[in-house]
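To keep things clear, I will list the structure first and then write my remarks on it.
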Amino acid sequence: MESDSPVYKRLHNVKSIILVLSGKGGVGKSSVATQLALSATTSTNSKVGLLDVDLTGPSIPRMLGLDGQSVHMGLHGQGWVPVRADKEGKLSVMSIAFLLKSKNDAVVWRGPKKTAMIRQFLADVKWDCDTLIIDTPPGTSDEHIALTEHLAPLADRIHAVIVTTPQAVALSDVQKEISFARTVGIPILGLIENMSGYACPHCADCTNVFSTGGGESLAKRENILFLGKVPIDPLLVKLLDDIKILQQKKEQLLEQGERGEQNDQK
Ligand code: ADP
């Protein structure tokens, strides 16, 4: 569908837009969005954009070791240049965190301001990608409504991936997410059951700490493709901690550098 909307003009070359949805926070939606983006750059060799629309709890920059980065305006007012997450320039990222002065700043906005920000994320960022993966906040919020409104002219290439944990409490929330996607007419690519059992780092065993299989049976019930189970993996937690330590070291070095420059100027 052709459209004159700024969002359509900016994104009409993007072949696929994937919304990552979850009913609850903390089920691993941002982790899945990040891993989908990383694996799409390697397995399909395509250029990927990762947009973090979790305005009140952005975690994508931390997961990619990009904390403290900021975006800048491109030449000739062509919009914000997203942050590159790799040397090759195959993964570019945009998040509210790149616009905040401090990562501890809180975003306390009403719906219209959130809607305007999301429009800017879609229309004013120089996206140069084949696939755009969008990490959304949990539930069905102002952000979801803004996304569906602004992306309506690109409806032919939008799909959703649903993330849940196996427990019943997350499953009842995810049911609402499925219903949201269906109501607004976004086809669901499939459902991922995250934190499904515990992958022991010392042996190949996977222990079912909580229940398991709830996501799989929900997918069957709802006639959604089950994309698979991801166990709780201590290595993932360690990798994120390592990134945090590297990030802190980088910030310390930058601070020391800045202090050195100031002393030189005195
Ligand atoms: P959400 O986006 O749904 O709020 P996150 O992706 O931020 O959830 O994950 C919440 C926390 O759980 C993060 O610290 C993340 O590293 C951790 N986590 C997510 N999935 C896994 C997993 N499969 N194994 C281990 N830790 C995980």
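Before moving on, here are some points about what is shown:
- In loop segments of the range 36-90 as defined by DSSP, the trypsin sites (Lys or Arg not before Pro) with at most 11 further C-beta atoms inside 10 Å of their C-beta are K87.
- A full extension of the chain between R110 and I145 corresponds to an added length of 11.3 nm, given 0.36 nm per residue minus the alpha carbon distance.
- Rough spin-label spacing in nm, given labels placed 7 Å along Cα→Cβ, for Q175 and V81: 5.0
- Once the convex hull of all Cα atoms in the range 112-183 is built, its volume per residue stands at 102 Å³.
- Förster radius 51 Å - calculated FRET efficiency between S3 and Q256, Cβ distance, rounded to 0.05: 0.55
- Under conditions of 20 °C and 1.002 mPa s, the range 6-232 yields 119 µm² s⁻¹ as its translational diffusion coefficient, taking Rh as the Kirkwood radius over Cα pairs in the Stokes-Einstein equation.
- If R0 is taken as 41 Å, the Cβ-Cβ distance between H12 and T56 corresponds to a FRET efficiency of 0.85.
- Net length gained if the chain between Q35 and S102 were fully extended (0.36 nm per residue, minus Cα distance): 21.6 nm
FYI, it's all coordinate maths here, none of it is from the lab. What you see is a predicted model, and the numbers here were worked out from it, not measured in a lab. When we count neighbours, we look across all protein chains shown, and the Cβ atoms used for this are built from the backbone with ideal geometry, even at glycine.
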